[in-house]
Each structure stands twice: as C-alpha cells, then as structure tokens.
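Below is one structure, written out as structure tokens; comments come after it.
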Amino acid sequence: MAIDAKHLLSYKVEDIHQTYTAKDSAFYALSVGMGHDPLDEHRLAFVDPLKGDAQLVLPSMALVLGYPGFWLVRPDTTIDPTRVLHGMQSVEWHKPLPAAGEVIGKTKLVKLVDRGEGKHAMAVSERVIEHAGTGERYATLTQVHVLRGQGGFGGDTTPLPAPHALPRTDPDFRVEVATNLDQALVYRLNGDLFALHADPEMARESGFERPILHGMCVAGIAVQVLMRLLAHDDPARLRATEMRFSAPFFPGDSLVIEAWKDGSFKAMSSRNGETVLDNGKMLCQ
C-alpha cells in the first residue's frame, strides 16, 4: 500500500492531557542515570521527590510528556509500520519544567519528504508541550522518522536541512556511562511500552539478538551528561538540542559520550565502538 500524502498531512493526532507528580519527575531522572552517584548532593535534587520547591527536573523529561504513542504506525496512517525508523530528534526548551504539573501535548505532522520510488520517505512531526491551564509553552520537540523504501507517492521532494557537522578536532570531553541490563524495562514505565524494548521474541523477529534500549532513553542519558559538562548541572541553562540516531544500543553496555566545548557531541557503544548518537548539538545559555 502506497502512502496517501494528502491523508497523512491532514491526519489529526489527539491532544494528550497529562498530570504528572514529583515522583514521576524523580523516576524519569533515575531512569536515565541521574542517581548513579547517591552521594552527589546536587544531583539528589533531581531524584528526590521530597525536595519540595528545591526539586530539579531534567529538561529531557519533555520527551516523555504529552506523548500520543507511536501514532505513525497506526493502521489508518497508510504507513508500513515494519519500515519506520526514528532518525532525528530535536528539542527547544522555552522554560524549565516544574517538578509536578498538568500539561497538554499537541502533535502534528509538519512535513513529508518523498525521495522517489523505491527510496526512503521522511516524516517530520512536531510536539508542543504546554501548561494545561495557561497555554504557556515548556518545550517544542521535532522528530524525523525514516519511512524505509516507502517513497514514490508523488510528495514534496525538497530535502531536509543537513544534520549538524561535528568538529574535526579531538573532543574536549569523554564520559563513559554504565547502563543496567534492566534499563529498558525501567525506562519504559515512563510511558513508552513498545514491545521491542521488553519482548525477546519481538526483538529477534526485528533482527536483534535481544531487546534494545529506547532511543529516547539514550538521548536522556546524553542530555544529563551534557548538562553537567556544559551547563554546570543547571537545567535552566539548556536552550536546545538536536541529534541523529544512527545505530541500536543494548541495555547493559556502557554509553561513551564525546563532546566539544561548542556543544557538539556524539555517543558510542562500549560493546563495539559503533556510534549510536551522531551529529549532536547542545545549545546552552
């Protein structure tokens, strides 16, 4: 079945109203490794829901708020769900998230690129996270999904902007972060229950030896490391980030993050040195 571009570009994704608590914020921070050093008193402010007004929120928590699920693979979108990959992710933060609150996530498809018959298509979607009462924006998230081999439907052929080019110099920082074998099982309780991250049989059917870690979890690990390296662990200083997902990452492996002082970064698996996050850029105040 070919993609119906007109139908897809007008597809209505329901708004998601979400109430979250201080425990949810603490759990998210723990799920991406903020509690690795329980004696780090500053970082305890991210993982302790009893901190009250002093509790801090990891900015990448915006990735799990107001999430409508993997809507692109719904049967009525005309997309083949077996040939969809999350290619790129960007986040722009407008103001810090409170430790607890009510938000609305508003998602829409903003661009559909057709590279031609037998080639890939690209779906660009946007999710805005707003305060449920005032409509004030906390974050704008942009995702690019690769629709493998699904081009040729007569859509827009305008290419997307090139990803951020990393410096050719040696990185200024190199940090290795251990992950746990149950990391995906823990992280999925933030709301992304896609079976690929928990069901060994589905992982094997998808070509993986075992369940893989969520790309959004890998992104969250990278954000918390970069926040420390570039912003002195101050979440209010993070302004925007972008990154490209280039390979799967398995729970239990270590994530090796290389970064430059200008905010450029990439991340590799300790297992084989393969780059799993590429073309990264973090903007700080």
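Only the coordinates and a few stated rules stand behind these numbers; no lab work does. Predicted model, so just to flag it, every value in this text is computed and none were measured. Here Cβ is always computed from backbone atoms with ideal geometry, including for glycine, and neighbour counts include all displayed protein chains.
Worth pointing out:
- The chain: angle of helix 215-231 to the longest principal axis, Cα-based, in degrees nearest 10: 40 degrees
- Taking the square roots of 5 times each eigenvalue of the Cα gyration tensor of the range 81-238, largest first, gives ellipsoid semi-axes of 27, 23, 20 Å.
- Net +/- balance of residues flanking I129 in space, Cβ distance below 13 Å, scoring K and R +1, D and E -1: -2
- Estimated from helical segments only, the mean residue ellipticity of the chain at 222 nm is -4500 deg cm²/dmol, where each DSSP H run of four or more residues counts as -39500 (n - 2.57).
- Candidates W93, W260, W71: whichever shows maximal mean-square fluctuation once the chain is modelled as a Gaussian network with Cα springs under 10 Å: W71
- Over all other residues within a Cβ to Cβ distance under 15 Å of D253, the charged ones net out to -2, with Lys and Arg as +1 and Asp and Glu as -1.
- Projected label distance in nm at D80 and R271, using a 7 Å step from Cα toward the beta-carbon: 2.6 nm
- Those residues of the range 163-178 whose amide nitrogen sits under 19 Å from the label point placed on K261, 7 Å along Cα→Cβ: 166-175
- Pairs with C-alpha atoms separated by more than 23 Å, drawn from the list K6/K106; K51/K95; K23/K108; K95/K281; K12/K266; K95/K266, are K23/K108; K12/K266; K95/K266.
- For a label point 7 Å along the Cα-to-beta-carbon line of H7, residues of the range 42-72 with backbone N under 16 Å: 72
- With neighbours defined as other Cβ atoms within 10 Å of a residue's Cβ, the residues C217, C284 order from fewest to most as C284, C217.
- A crude spin-label estimate for the pair S206 and R168, with each label 7 Å from Cα along the Cβ direction, gives 3.7 nm.
- Relative to the longest principal axis of the Cα atoms of the chain, helix 22-31 runs at roughly 80 degrees.
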